[in-house]
1. I need a count of the residues in the range 160-216 that are without any contact (Cβ under 8 Å) to a residue 24 or more places away in the chain and either buried (at least 20 other Cβ atoms within 10 Å of the Cβ) or touching a strand residue (DSSP E or B) at 6+ places or on another chain (Cβ under 6 Å) (or both).
2. Please determine, by comparing only the residues of the range 141-159 that are within 20 Å of LEU99 (Cα to Cα) and crowded, with 18+ Cβ neighbours inside 10 Å, which one is farthest from the chain's Cα centre (by Cα).
3. Report, by residue number, each residue of the range 68-118 that is of a type in the set (Lys, Arg) and either over 30 Å from ASN52 (Cα atoms) or touching a helix residue (DSSP H, G or I) at 6+ places or on another chain (Cβ under 9 Å) (or both).
4. Considering only residues that are touching a Ser or Thr at 6+ places or on another chain (Cβ under 7 Å) and small (Gly, Ala, Ser), look in the range 394-429 and name the one that is farthest from MET323 (Cα to Cα).
5. Would you check which residues across the range 354-413 are of a type in the set (A, V, I, L, M, F, W, C) and in a loop (DSSP other than H, G, I, E, B) and list them?
6. Could you please let me know if ILE341 is modelled with pLDDT of 85 or more, open to solvent by less than 20 Å² (accessible area, probe 1.4 Å) and either closer than 24 Å to SER408 by Cβ or among the small types (Gly, Ala, Ser) (or both)?
7. Quick one: count up the residues across the range 153-195 that are assigned to a helix (DSSP H, G or I), in contact with a helix residue (DSSP H, G or I) (Cβ under 9 Å, 6 or more places away or on another chain) and of a type outside the set (Ser, Thr, Tyr).
8. Checking TYR238 against (1) at pLDDT 75 or above; (2) open to solvent by 90 Å² or more (accessible area, probe 1.4 Å); (3) over 30 Å from GLU121 (Cβ atoms), only one condition comes out false. Which one?
Amino acid sequence: MTDSNHIQGRIDWITVGFYVLFVGLGWLNIYSAVYSPDAPLAFSDPAFYNSNAGKQLVWIGTSFVLIVCILVIDFRFFESFALFIYLGLLLLLIAVPFLGVTINGSHSWFKFGSVTIQPAEFAKTATALLLAKYLNDPLVNLTKFPFQWKAALIIGIPMLLIIGSNETGSALVFASFMILLYREGLPGAYPALFIGGIVLFVSALLVKAWVIFLVLLLMAGLLVLFMPIYMQRDPKTYLRLSGAIAGIMTLALLVDWVVNNVLKEHQRNRIRVLIDPGFDPRGLGYQVTQSKIAIGSGGFWGKGFLGGTQTKFDFVPEQSTDMVFCTIGEEHGFVGVMLMIFFFLGFLWRLMYLADLQRSRFARAYGFGLVGILFFHFLVNIGMTIGLMPIMGIPLPFFSYGGSSLWSFTILLFIFLKLDSHRSDMLSR
């Protein structure tokens, strides 16, 4: 039996169907975002391929070439060469500050003629592969600190290099690997601390430090009041509470210092827009305001395909890239948005189901790395367009315009489908 027949019989066509659906719908929304009723472009018109819709069509075509290449490669290649792929991407990230170009304030792109490539997008796949390879070692135990910091090092190196290229949004995506690590045995205290840190960060931005201090004292008082008598008699209980309060207050004060002394001006302004939508109404606040107007104007059923006025008159900046979700909301309304969310969540559930079926820890870990990355992009991108999260350049997977993002998501997904197609050939560990 040839490898192509082997793949054809075992590849998960449901997931492939989701991919084709999302890429197709994504292109239609990009086309709608750049469509002009006064000067419509035909496919035969060379000028069409200078528009975002035409360029995306070319990227889609090349993505199918990448899919074929991935499916004909031996499935063992991805684990065997994970370290070399990771090191290669690190070299590209190191080279970007010296050889790259700046686009939209981010010096994180290589330019080859009219084509631009962002290595940070592909670094996520390389990191997922090496992390999965590391966890596939039967001696690795994530409940022990020596293995935890090595996993953190694999994630942290590309993350820091990407931050150095002024691409904070792409760097934050690496936090999604917490899902992978938790699934593979990381103690629940780490995700709890991570979520608690986010809550504390937002709280420190919204209220004064003394308010947080009073809330902590009230909570500590209630805890002491209702805890068992034998615990109240233990001096260590009060020492722990005092230490926790001191630690949280220190972090709260640190947040204020970081925002005012470490973050750059445009990053501080994005946070201010999140807290106060009226801040900078003609600058950063304009994008969020217009995005919410576009989504709200779609109503229940939407204005119909090519019928979005906010889209047609370019009221929303980056409406075919990071803000493509507002095009969906305006033209297809609440019904279209909910269907899109429903299908994407079904897609993520399918991937988790397949990941749990894997006999190899490498394939399972990589699968959950894929789920974490896609979920993070999905959550943050939609949150940006409706004003629940700061604008940070996170594309909507398979929907947003961009060759680097489409290629990276395609490679990320189909490597997993290739591994899944050989599920029975892998040894369980």
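1. 0
2. Restricting attention to the range 141-159, the residues satisfying the condition of being within 20 Å of LEU99 (Cα to Cα) are 157-159.
Narrowing further to those that are crowded, with 18+ Cβ neighbours inside 10 Å: 158-159.
Working: PRO158: 15, MET159: 13 Å.
Among them, the one singled out is PRO158.
3. Taking the range 68-118 first, the residues of a type in the set (Lys, Arg) are 76, 111.
The answer is ARG76, and nothing else.
4. The selected residue is SER428.
5. Of the residues in the range 354-413, the ones of a type in the set (A, V, I, L, M, F, W, C) are 354-355, 357, 362-363, 365, 368, 370-371, 373-376, 378-380, 382, 384, 386, 388-389, 391-392, 394, 396, 398-399, 406-407, 409, 411-413.
Matches in the range 354-413: ILE386, LEU388, MET389, ILE391, MET392, ILE394, LEU396, PHE398, PHE399.
6. On the way: modelled with pLDDT of 85 or more: yes; open to solvent by less than 20 Å² (accessible area, probe 1.4 Å): no; either closer than 24 Å to SER408 by Cβ or among the small types (Gly, Ala, Ser) (or both): yes.
Spelling it out, it is not the case that ILE341 is modelled with pLDDT of 85 or more, open to solvent by less than 20 Å² (accessible area, probe 1.4 Å) and either closer than 24 Å to SER408 by Cβ or among the small types (Gly, Ala, Ser) (or both).
7. Applying the first criterion (assigned to a helix (DSSP H, G or I)) to the range 153-195 yields 153-164, 168-183, 189-195.
Narrowing further to those that are in contact with a helix residue (DSSP H, G or I) (Cβ under 9 Å, 6 or more places away or on another chain): 154-164, 168-183, 190-191, 194.
Filter again for of a type outside the set (Ser, Thr, Tyr), leaving 154-164, 169, 171-175, 177-181, 183, 191, 194.
Count: 25.
8. (1)
The values are calculated or read from the model by the stated rules, or taken from the named source; none is laboratory data. Keep in mind that what you see is a predicted model, and the values were worked out from it rather than measured. Reconstructed Cβ throughout: ideal geometry from the backbone, glycine too, with neighbour counts over all protein chains shown. Please note that ligands, DNA and RNA were not included when accessible areas were found on the heavy atoms of the full protein model with its side chains. Shrake-Rupley method; radii C 1.70, N 1.55, O 1.52, S 1.80 Å.
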